Amino acid sequence: MRKIKYKKGRKVQSTVLEYTGIHKDKATEMQLFVYDDADLTEYREFGINEFTKCVNLQKVNWLNVHGLNDLEILKSLGSFLEIDNFILGDILNTTSRTKLDELHDVLFFNIKSLLPLENSDTISVEQISFLVKDGILVSFQEKRSDFFSHIRERIRTHSGIVRTKKGDYLLYLLLDAIMENFYITLEAEEDKVELLISKSKASTDPAILEQIEKHRDNFNFLKRSIIPLRDSLYSIKSIKEDDVFNAIAHENYSFFARLHQKSSELLDQIEDDMVSLDSASSFYFSLQNHKMNEVMKTLTIVSSIFIPLTFIVGVYGMNFDNMPELRTQNGYYWVLFTMFSIVISMVFYFKKRRWF
């Protein structure tokens, strides 16, 4: 059985600080938002040496890191935030599984963001990590992207309640934005599957079966990405009464419960789509078997027509001396007429019985 490999990059120990992703040409850039309900300060080109003087622990601080290639910047950031090296190792190791951890006063969330590639059946994967500590939220992206553009605009324009909430609500918004990518990816896969189902009803081209298996792999990949996310969100939802996650305010647990509900809905939809794929595969094989049966029926009818003709030819090919029919003046024509009559009679009979 073929083993499907979904993860890219070389696996390393979590204590080893080495970026294992594919975006090794992306420079490390940082952007900082410092805000509360009354004030906002945005640092578009933020340097790590400015960290201590720009951060205001009385407000919400959102540091967005694009690119994970500059290990010195990440080490310095880890030093400022007093983060253990194995957490930094998980951020850099893109083969790590989605997970949620709270260690001392640090909440760490690791998630995969998926998007479909244009004109391709391949799914693009990017790992995004979050750290929440003392009013500071740090998001780590492998490359610059537009996942959080609408959230930045909401912060700039003071839209909604984001400026009135703490960093845990901002974490909810960021996770929700990533989960929207799951919906986009799933919708794109569903459109392709719908087209495949139509093709499977009209053609027995082997390429259709290959595409069906490819999309089945994609759905399994989506499941493998969403299940650990659902489990992590469930751990927040299920222990809200114990206040285990100190970085999340009690009144904001309901927001993470919504994300858990979304992840469950995504998994249910994936199961339905995989059933549709199974139906397409079954229909493909049924159509193939039907066409094969039609061919075999045609060959059987042709063989049935030639059986009596072969018998007549065999009889008159025995070459016995005492066969009066051999010396009949018009025997040849009578035999041809008889054979032709048999063929017409059998074709008429088969047509009447609707055998072809």
Checklist entry - Under Stokes-Einstein, with the Kirkwood radius over Cα pairs standing in for Rh, what whole-number D in µm²/s applies to segment 145-240 at 20 °C and 1.002 mPa s? => result 130 µm²/s
Checklist entry - With every protein chain present, what accessible area does Phe306 have (1.4 Å probe, heavy atoms only), rounded to the nearest 10 Å²? => result 120 Å²
Item to check | Residue-averaged 222 nm ellipticity for the chain, from DSSP H runs of 4+ at -39500 (n - 2.57), nearest 500 | outcome: -18000 deg cm²/dmol
Checklist outcome for this item: Between Met318 and Ile305, the two model label points (7 Å from Cα along the beta-carbon direction) sit apart by a distance in nm of 2.8 nm
Next on the checklist: Over the chain, with the other protein chains present, what is the accessible area per residue in square angstrom, probe 1.4 angstrom?
Outcome noted: 55 Å²
Next on the checklist: Strictly over 27 Å apart at the Cα level, which of Lys199/Lys297; Lys199/Lys291; Lys214/Lys262; Lys26/Lys262; Lys165/Lys223; Lys53/Lys165 would you flag in this model?
Outcome noted: Lys26/Lys262; Lys165/Lys223
Checklist entry - What part of the accessible area of segment 154-295, given as a whole %, is carbon or sulfur when the probe is 1.4 angstrom? => result 51 percent
Checklist entry - Is any helix in the chain, taking whole DSSP H runs, at least 27 angstrom long along its axis by alpha carbon and on average at least -0.5 on the Kyte-Doolittle scale, and which ones? => result 167-200, 206-238, 253-315, 331-352
Next on the checklist: Keeping all protein chains in place and using 1.4 angstrom, which order do His290, His215 fall into by accessible surface area, from largest down?
Outcome noted: His290, His215
Checklist entry - Using mean Cβ contacts within 10 Å as the protection proxy, how do 127-138, 109-120 order, highest first? => result 127-138, 109-120
Next on the checklist: Taking the Cα centroid of segment 39-65 and of segment 137-208, what is the distance between the two, rounded to the nearest whole Å?
Outcome noted: 26 Å
Checklist outcome for this item: Kirkwood radius from Cα pairs of the chain plugged into Stokes-Einstein at 10 °C, 1.306 mPa s, gives D in µm²/s equal to 63 µm²/s
Checklist outcome for this item: The correct ranking of Ser200, Ser235, Ser303 by accessible area at 1.4 Å, largest first, is Ser303, Ser235, Ser200
Item to check | Accessible-area value, Asp39, 1.4 Å probe, nucleic acids and ligands omitted, Å² | outcome: 60 Å²
Checklist entry - Taking the convex hull of the alpha carbon atoms in segment 52-178, what volume per residue do you get, in Å³? => result 122 Å³
Checklist outcome for this item: Simple spin-label estimate for Lys223/Asp268, 7 Å along Cα→Cβ, in nm, reads 1.7 nm
Item to check | Accessible heavy-atom area order of Trp355, Trp334, highest first, probe of 1.4 Å | outcome: Trp334, Trp355
Checklist entry - So for the pair Lys351, Met296, with labels modelled 7 Å out along Cα→Cβ, what separation do we get in nm? => result 2.7 nm
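The values are calculated or read from the model by the stated rules, or taken from the named source; none is laboratory data. Please read these numbers as outputs of a predicted model, since none were measured by experiment. Here Cβ is always computed from backbone atoms with ideal geometry, including for glycine, and neighbour counts include all displayed protein chains. Calculation scope for accessible area: heavy atoms of the full protein, side chains included, ligands and nucleic acids excluded. Shrake-Rupley method; radii C 1.70, N 1.55, O 1.52, S 1.80 Å.
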